Amino acid sequence: MSRTSREAAVRRAPRTPRTPVPARALSPLVARPLSPVVARLRNPLVALLAALVAASAVLLGAGSAEAAGYRYWSFWQGNGKNWEYATQGPSVLRPDDGTVQGFRFAVSEDSGDADQPRRAPDFGAICADTPAKDGKKRVALVIDPGTAADAPDGEKPPAPRAACAQVAPDASSAEALAAVAKPLRYDSSAMLCAISGYPKSGCGEQVSGDTGSAKPSEPVKTADGQEKGEEGDGGGPSVGLLVGIGAVLLLGIAAVVQARRRR
């Protein structure tokens, strides 16, 4: 048969229609379409899980950051036996006769971990050689410049000392301190920076942790009683917050698993 005859025969032959492949015969690698219910569940849950994982990573990363420390003079009041962190600044507080007050220079994050003066608040021992006088009040002061580890570079802390200030009845704690420990140095926001000239420079500078503002975290008191510092990060997320995130994460995973089982 010639080539022309063969081509004509092929054109005249009827074509066999293709048989559609049953759905169940498809390769298992081909994804099956999701039911409408599962499709509605899947996307929001996956998005929720992704958001929670991202948030957890950010929070855990923040929690691992080193907490900031600051070098400053903290202000304390004696209660007869122990020291308590003062709730007012030294220029606002007007102590009564027989009061004991303390100042401690150290590096700390805030009032919760601030170092106390290392001498006991004993008014009788400190003011034993200062007799009472009409028209005056006596305020015992403990001044503790801290340790060499707390000192700024190139400076050596002087020895701790105690003094009995005899001042006017309406004198503030700052005035009592000035009577026995000049020179004092304050910054522009009335924060006490130096007692008896120590330290020579600096005022509440940041010495550890994340870089940024070199000011104390709360609640460091300035001389006028205001809290000085920025809002802290608190050293990372709380344990309760992390536990809550973990619980929600587990619930989301359980919901995804349950949705897949119902397909």
The stretch 76-102 residues near the modelled residue 125 label - backbone nitrogen below 17 Å, point 7 Å along Cα→Cβ: 77-84, 99-102
For the stretch 92-107, 3J(HN,Hα) per residue [Karplus equation, 6.51 cos²θ - 1.76 cosθ + 1.60, θ = phi - 60°, Hz, x = Gly/Pro]: 9, 5, 10, x, 7, 4, x, 7, 10, 10, x, 10, 10, 9, 6, 9
Amide H contacts under 5 Å for residue 207, placed H, 5+ residues apart: 69, 70, 71
Accessible solvent surface per residue of the stretch 89-187, calculated while the other protein chains remain in place, 1.4 angstrom probe, Å²: 48 Å²
Karplus (6.51, -1.76, 1.60) ³J(HN,Hα), θ = phi - 60°, over the stretch 149-163, in Hz, Gly and Pro reported as x: 5, 8, 6, x, 4, x, 10, 10, x, x, 6, x, 8, 10, 8
Paramagnetic reach from residue 136 in the stretch 74-95 [backbone N under 19 Å; point 7 Å along Cα→Cβ]: 95
Of all accessible heavy-atom area on the stretch 130-194, the percent that carbon and sulfur account for (1.4 Å): 53 percent
Given 81/200; 133/156; 136/182; 156/182; 136/200, the pairs whose alpha carbons are separated by over 29 Å: 81/200; 133/156; 136/200
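The values are calculated or read from the model by the stated rules, or taken from the named source; none is laboratory data. In this text the structure is predicted, and so the values were computed from the model without any measurement. Backbone-built Cβ (ideal geometry, glycine too); neighbour counts: all protein chains shown. For accessibility, only protein heavy atoms count, side chains too; no ligands or nucleic acids. Shrake-Rupley method; radii C 1.70, N 1.55, O 1.52, S 1.80 Å.
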